[in-house]
Amino acid sequence: MTNFLSTQDWSLEDLNETLDMAALLKNSPMQDHLNGKSVVLLFLNPSMRTRTSFEIGVQQLGGIAVVLQPGKDAWALEFEPESIMLGEAEEHIAEVAGVLSRYADMIGIRAFPTFKDWENDRLDKVIKSLATYSNVPVVNMETIIHPCQEMALMLTLKERIGGIAKKKFVLTWTYHPRPLNTAVANSALLIASRFGADVTLLCPTEDYILDQQFMTVAQENAKASGGSVQVSHDIEASYKDADVVYAKSWGPLPLYGQAEKQIDLSANYKHFIVNEEKMALTNQAVFSHCLPLRRNVKATDAVMDAPYCAAIDEAENRLHVQKAIMLKMMGHNIKTIKQ
Ligand code: CP
């Protein structure tokens, strides 16, 4: 059984084949590989792109997608093992995973961290417990990482600049009025280092460096791929000669769980906004963002409307890569895609 919890669990060969399958599916979207199959999508948090692209993607492959929002239109869930369930949760993931495994052929889950205790959240327990109890493959629709977004970014960069090996990839923090999940930033770091980019993590201070588990894996990826990973707090030097600028906001981890303090600190760094002046320093870089994005807070209108902005392409590519991921999880390969 093949789960897709993290790109790190898949070989580079499988990731590349999945990207090639996605490119074929982009040209031939309607397939019948999921005829008679069903996929349950558990959303513990809001979504626009992920929900739409998964639902439509399953339909385009001939299958049926069922969306459930535990705590809203389905019973609230407990994930901790050996929990004495006297709180809000009406049922345990053990039963939910068991039941859904009898109905469906695959389960997706979006489970953001709680934003209370990073030491607990960094363990990504919710998706791991679902994968433990499930008898069908599980796909990550964003937890503390966002591997489907990583694959969409990679397909987009392949299309725009032919790949990122030895290219300067700047992952820049940007301001946002609320402390956000580090998932997309963690994922950008993982995939860019995996595919051989020279990665610069640009952030205001040490407080914004990503969790050590991801920094360490990124360094290991870079060693294997011939790329590199460095941290910089120098905006001008980071943008200079960049081939890719990827923007995301996240809350400073040392203040995790203290939203007001995170908000106060981040308010000092509104000048990290991506604008035309900064983009002019680059090597005609591609700019992208996972979306949603607050215009004129994270990036200016001029950047979002520029031809070098690939954010909409990346969002479209979510559809194609997720279909390829689901097919790989169900045992298909590039030879089984109908053209
Ligand atoms: N990028 C992304 O996952 O978008 P949604 O939160 O709208 O699904």
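For the pair ILE235 and ARG294 in one chain, pulling the backbone fully straight at 0.36 nm per residue adds 19.2 nm over the alpha carbon distance.
Note on LYS37: aspartates and glutamates with a C-alpha under 20 Å away, same-chain residues under 8 apart excluded, are GLU55, ASP105. Here the chain has 51 percent of its accessible surface on carbon and sulfur atoms, given a 1.4 Å probe and all protein chains in place. Once you sort the root eigenvalues of the Cα gyration tensor of region 80-173 as a ≥ b ≥ c, which label holds: rounded (a/c under 1.5), prolate (a/b larger than b/c) or oblate (the other case)? Verdict is oblate for region 80-173. Normalised per residue, the accessible area of region 1-78 is 47 Å², obtained with a 1.4 Å probe and no contribution from ligands, DNA or RNA. When a/c is below 1.5 the answer is rounded, else prolate if a/b is larger than b/c, else oblate, so apply that to region 147-314 with a ≥ b ≥ c taken from the square roots of the Cα gyration tensor eigenvalues. Taking the square roots of the gyration eigenvalues as a ≥ b ≥ c, region 147-314 is oblate.
For region 1-107, trypsin sites (Lys or Arg not before Pro) meeting the loop criterion (DSSP other than H, G, I, E, B) and having at most 12 other Cβ atoms within 10 Å: LYS72.
For a test of the definition: using alpha carbon positions, the gyration tensor, and the 1.5 limit on a/c, classify the chain as rounded, prolate or oblate. It is oblate, given that a/c is not under 1.5 and a/b is not larger than b/c. Legend: distances between Cα atoms for LYS72/LYS298; LYS125/LYS261; LYS167/LYS270; LYS168/LYS248; LYS125/LYS223; pairs beyond 19 Å are LYS72/LYS298; LYS125/LYS261; LYS167/LYS270; LYS125/LYS223. Calculated accessible area for region 147-314 comes out at 38 Å² per residue, all protein chains present (probe 1.4 Å; ligands, DNA, RNA ignored). The modelled label-to-label distance for the pair HIS271/TYR103, using points 7 Å beyond Cα in the direction of Cβ, is 5.4 nm. Pop a pseudo-label 7 angstrom from the Cα along the beta-carbon direction at both GLU206 and TRP75 and give the gap in nm to one decimal. It works out to 4.8 nm between the two label points.
The values are calculated or read from the model by the stated rules, or taken from the named source; none is laboratory data. Quantities reported herein were computed from a predicted structural model and do not represent experimental measurements. Cβ atoms come from the backbone with ideal geometry, glycine included; neighbour counts cover every protein chain shown. Remember, those area values only see protein heavy atoms, side chains included, never the ligands or the DNA or RNA. Shrake-Rupley method; radii C 1.70, N 1.55, O 1.52, S 1.80 Å.
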